[in-house]
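Notes follow once the structure below has been shown.
Just so you know, all these numbers are worked out from the coordinates, no wet-lab data involved. The structure displayed is predicted, hence computed values, not measured ones. Counting neighbours? That spans all protein chains shown, and the Cβs are built from the backbone with ideal geometry, glycine included.
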Amino acid sequence: MTKTPQHIIIIGGGPAGLEAASSLGAAGYKVTVLEKDEKTGGKLNLWYKLFPGFRPSGEVQEYLANGHKMNPPEIITNAEVVSVLPETDHHKVILSDGKAFKADVVLIATGFQVFSAEKKEEYGYKIYDNIITSVDLENQLKSGNPVKTVTGATPQRIAFIHCVGSRDKKVGNIYCSRVCCITGVKQAIEMKEHLPKAEIFNFYMDMRMFGQNFEELYIEAQQKWGITFIRGRVSEIAENIDGSLQLKAEDTLSGRPMKMNFDLVVLLVGMVPALGTEAIGKSAGLAFTSGNFLASNDTHFNQNETCTPGIFVTGTCKEPLSVAETLTDARAATVRIISWLREKELESNN
Amino acid sequence: MNCGVCTAICPAAEFYHYDPRVICDTVQSKDEKLIEALLRSETIWYCGECMSCKTRCPRGNTPGFVVMALRKLSQELGYFTDSEKGRQQFAIKRAIGENILRSGYCVHPDIVSPQMHPEQGPVWDWISRNTPEIMEKMGSNYKQEGAGGLRSIAPEVLEELNQIFEVTGCHTMFDTIEKYSKEKADELGIEISDEGIGNEYFMTVFSENNGIHNI
Amino acid sequence: MVLEGKKRVWEDYQKEIADDHYFYVRSCIRQTFFPGSETTFLRIMRDDLGKDVFEDARHTTCTGIGYHTDIVPLDTTMTVIARHFALMTEAGYTNIIPSCVTSFGLYTEVLETWKHFPETEAKIRDYLWKATKREFKIPENLVHTSDIIYKFRNQIKEKSKVSLINKKTGLPLKVVEHIGCHYAKMFPTSGVGGAEFPSVLSGMIESWGGSVIDYPERRHCCGFGFRQYLVMANRGYSVSNSKKKFESMQPYQPDFIVANCPGCSMFLDRWQYTIAELEGITYDNKGMGIPVLTYEEMAGLVMGYSPWELGLQLHQVSVEPLLDKLGIEYNKEEKYLGAHGQKIGEPQKPQFLIV
């Protein structure tokens, strides 16, 4: 084409945003990525090793950085988008400092934030010591420092609690966050590698091993690493006088209530839409799913287009996804955007 | 979702052979045979109605309320006399139910006899033998007219209660409990009187425990 | 333990508590086992805080125990409660304060039910009219009497004569606070501090100088279980649940236990006696047990009222060790006297529990 390439603004410089930026750039479009933090990468920056193969997260970060070599996008960091105003020919994207951008297409890739485990009061996160989230644990493992209790002891018995903040009407999130189960298996193995003598228990309701090699990893966790999986959702965590934690659950497979003491408890927290997504979605006239994620037009035919023409969504701002799935979704959004722009062009030519 | 947080926290599940999650599962199955068996069983009488289950259920359910509904149905259908714990409803109706209509109180010192309540200790024995004097010291208005603790509740008020019990179906419930209990007492050949607690059937259901509820 | 975390939860659950003009309804169990507590509540409210607390002699049991033993149908209980609302309306009040925690839970349950099912409210109004020709308005404020003492804890502190401090050591007393299940477990937003970390009693304790013990079985039911206690054959359930709590709190060496539910106060007191007699075990180190107080008795002691006026002699576990720690003087000779100083005998001593 000989005319000026259309301008696409991508809101969010995490894996979804960066992958879409590379693909759209490679296809010849002018791309601007607006990232609210001071660096790109999103939640990928927090992860240690990715499931199921324990790939260091750095490898994916490197891949995303290299993808920009062909027609690099303009990346603006410390740019927090507060609203998107759809207009007939262009869309206006407005930052928190008032600066405005114009785009032919807006791709929202604002991602997710982690469920605030404090909301699950009965688990005592940030009230009792030695209770951490899976995100806290990734951080710990990344630091390379040995995992210890608050008093500096080596934990002998560790519990992983599945479904924290997900599948839970009480905290307002009835959906499943998809990737916490496999994270629980991954981290249980990582902890066992780190502390071979420790006893590790995972408390789950269902083991959602949906992806390639997930079930194999689950079997490895049980056979090779001796991790015990108990089918029962944890009801309550309390603190003993020695600082260990008393946990109550029902072993539903044997139909008996149980209580056990642990030195360390890891809460596998779910995903909620990132802060700011709701405001952006509302300003753009978008629809929301029952979990308050951004809704796309159709589950099978149109996962990246929204009810506002020219505004697309990709990544975990529309539903919980793994990193691999996020990248795939970003490429799908790219294809859809390209088709859409072509259709528009053909329309205006006729 | 059969998560078990209710059973995890249930005081009855720790003490009895009891699982509130399984009860909800059974009711949800809509299987008439299973539900009838449940209504005739000891199981539904183990719950202590503390409602700890309501606080925790991630689906917003309350097994305790389900159990209350099952207990109501079990009595209405007469199935409660099949189980040792169910038969106790007769004792409760005679001791508490009749006391409500007679005095306007559920529990009152007059019906907490040291013989039936040895766990209340020697202090209660002393209180029982000196109730008017002790209540006076405590600032109560024991068996007197007017406001105050343990006051005498006026006949007109008791009649209002009686009317409420009639209109809302409580008398019907009481009569149902009586009817099926009498049938059971006759079947077992145990003496039962028309009212009050001084009869063999009352003492039997009040104190009988076959010792296999905890397995 | 990170106290800031608990405080954050408490702040999330604040409820409105009216500040005067209360319609008071009594508790069957509190009147029976802790009659001095209700007297003390009224004394503190009326005499010390100058509040208007009205009691209509025509109120009755709410039938809560009948409802929770499944002999009284829900419709009946709702109508009896509606009758109390009618008495409240007739007397010109809009704030109702039950003394019993089961009542409070039940009143809350009834109002919630009517909110979601207005047709049920209409039916009950109909029943009440048919049975008694009475009509009622929904209360504007419904709180438990312990919420009121919680609300005025700082005023009580200002007038107090005693702090919850061990006079010998100068350290705050270690207190186990026990919240009745029906206070907040059913509707967490109806309890100050919510259901997991309720603060109605810990607020009082800390305001009056004590320190609160958190122990693993803090949230566990005391084991009343309604039918599980009232029927003799079932009492194993009841005592076992209290025992579980005692074993859990023992390592922390509490100076006393306080409860806002009258049933809980009674059970935590009597089951210590029962366990001592059956198994020879007490949970303190003197063979006397851990003293149990109602929150009214705790408030009364802090206000400087005499222990025997409060009714502490009606407890089975002796409260004297606690009184000694608090530095409160009491006359042993007067413990078991009647209202006019007359001798009315004494309770016998248990075999194992030292009183």
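The average projected area of region B:1-77, computed from the convex hull of its Cα atoms over all directions, is 4.7 nm².
Across peptide C:311-320, the mean count of Cβ atoms from other chains lying within 10 Å of each residue's own Cβ comes to 3. Coupling constants for region A:260-273 follow from the phi torsions by the Karplus curve (6.51 cos²θ - 1.76 cosθ + 1.60, θ = phi - 60°), and in residue order they are 9, 9, 9, 8, 9, 10, 10, 9, 7, 7, x, 10, 10, x Hz; glycine and proline get x.
Listed cross-link partners B:LYS93/C:LYS245; B:LYS30/B:LYS72; C:LYS286/C:LYS325; A:LYS126/A:LYS318; A:LYS119/B:LYS54 are compared with a 21 Å cut-off, the Cα-Cα value being larger for B:LYS93/C:LYS245; A:LYS126/A:LYS318. Per-residue ellipticity at 222 nm, computed for chain A from helices alone with -39500 (n - 2.57) per DSSP H run of at least four residues, works out to -8000 deg cm²/dmol.
For the residue pairs A:LYS282/C:LYS151; C:LYS244/C:LYS343; C:LYS51/C:LYS137; A:LYS36/A:LYS344, the alpha carbons lie more than 32 Å apart in A:LYS282/C:LYS151; C:LYS244/C:LYS343. Against the main long axis of the alpha-carbon atoms of chain C, helix C:74-90 sits at an angle near 90°. With a 10 Å cut-off around each Cβ of C:332-340, the average count of Cβ atoms from other chains is 3.
With only the Cα atoms considered, the protein assembly as shown has a convex hull volume of 197 Å³ per residue. Rounded to the nearest 5, what is the percent of antiparallel bridges among the DSSP beta bridges in chain C? So the antiparallel bridges in chain C amount to around 10 percent.
Within region C:166-208, the trypsin sites (Lys or Arg not before Pro) that combine a DSSP coil assignment with at most 14 other C-beta atoms in a 10 angstrom radius are C:LYS167, C:LYS168. Taking a straight Cα-Cα cut-off under 15 Å and skipping sequence neighbours fewer than 8 places away in the same chain, the aspartates and glutamates within cross-link reach of B:LYS33 are B:ASP25. DSSP finds beta bridges in region A:117-270, and of those with both partners inside it, around 40 percent are antiparallel. Taking one equal scatterer on every alpha-carbon of region A:90-150, how large is log10 of I(q)/I(0) by Debye at q = 0.12, 0.19 1/Å? The calculated log intensity ratios at q = 0.12, 0.19 Å⁻¹ are -0.58, -0.79. Here A:LYS69 is the anchor, and the lysines within straight C-alpha reach of less than 22 Å, apart from those fewer than 8 places off in the same chain, are A:LYS30, A:LYS39.
Helix content alone sets the calculated 222 nm mean residue ellipticity of chain B: runs of n ≥ 4 DSSP H residues at -39500 (n - 2.57) each, divided across all residues, give -15500 deg cm²/dmol. The listed peptides B:182-194, B:58-70, ordered by packing as a protection proxy, come out as B:58-70, B:182-194 (highest mean of other Cβ atoms within 10 Å first). Of the chymotrypsin sites (Phe, Trp or Tyr not before Pro) found in region A:1-92, those in coil by DSSP whose Cβ has at most 14 other Cβ atoms within 10 Å are A:PHE54. Inter-label distance, A:ASP37 to A:ILE76: 2.0 nm, where each label sits 7 Å from its Cα along the C-beta direction. For region C:282-355, the list of GluC sites (Glu not before Pro) that fall in a loop by DSSP and count at most 12 other C-beta atoms within 10 angstrom reads C:GLU329.
With contributions of -39500 (n - 2.57) from each DSSP H run of at least four residues, the per-residue ellipticity at 222 nm computed over chain C stands at -13000 deg cm²/dmol. For region C:86-130, the residues whose backbone nitrogen is under 11 Å from a point 7 Å from the Cα of C:LYS51, taken along Cα to Cβ, are C:96-98. The label-point distance for A:ASN45 and B:SER152, in a model that sets each label 7 Å from Cα toward Cβ, rounds to 8.1 nm.
Here chain A is treated as a sphere whose radius is the Kirkwood value from Cα pairs; by Stokes-Einstein at 20 °C and 1.002 mPa s it diffuses with a coefficient of 100 µm²/s. Between C:LYS159 and A:HIS300, the simple spin-label model (points 7 angstrom out along Cα→Cβ) gives 7.4 nm. Here's the list of lysines a cross-link from A:LYS142 could span, going by alpha-carbon distance under 17 Å and ignoring same-chain residues fewer than 8 apart: A:LYS43, A:LYS49, A:LYS186, A:LYS192.
Applied to region C:12-29, the Karplus parametrisation 6.51 cos²θ - 1.76 cosθ + 1.60 on θ = phi - 60° returns per-residue 3J(HN,Hα) values of 5, 10, 10, 10, 7, 10, 4, 9, 5, 6, 10, 9, 9, 10, 7, 10, 4, 6 Hz, with x for Gly and Pro. The alpha carbon centroids of region B:87-138 and region C:194-208 are separated by 32 Å. Rounded to the nearest 10 degrees, the angle from helix B:155-167 to the longest Cα principal axis of chain B is 20 degrees. For region B:41-90, the alpha carbon convex hull comes to 69 Å³ per residue, rounded to a whole number. How crowded by other chains is B:142-150, given as the mean number of beta carbons from other chains within 10 Å of each beta carbon? Across B:142-150, the average partner-chain Cβ count within 10 Å equals 5.
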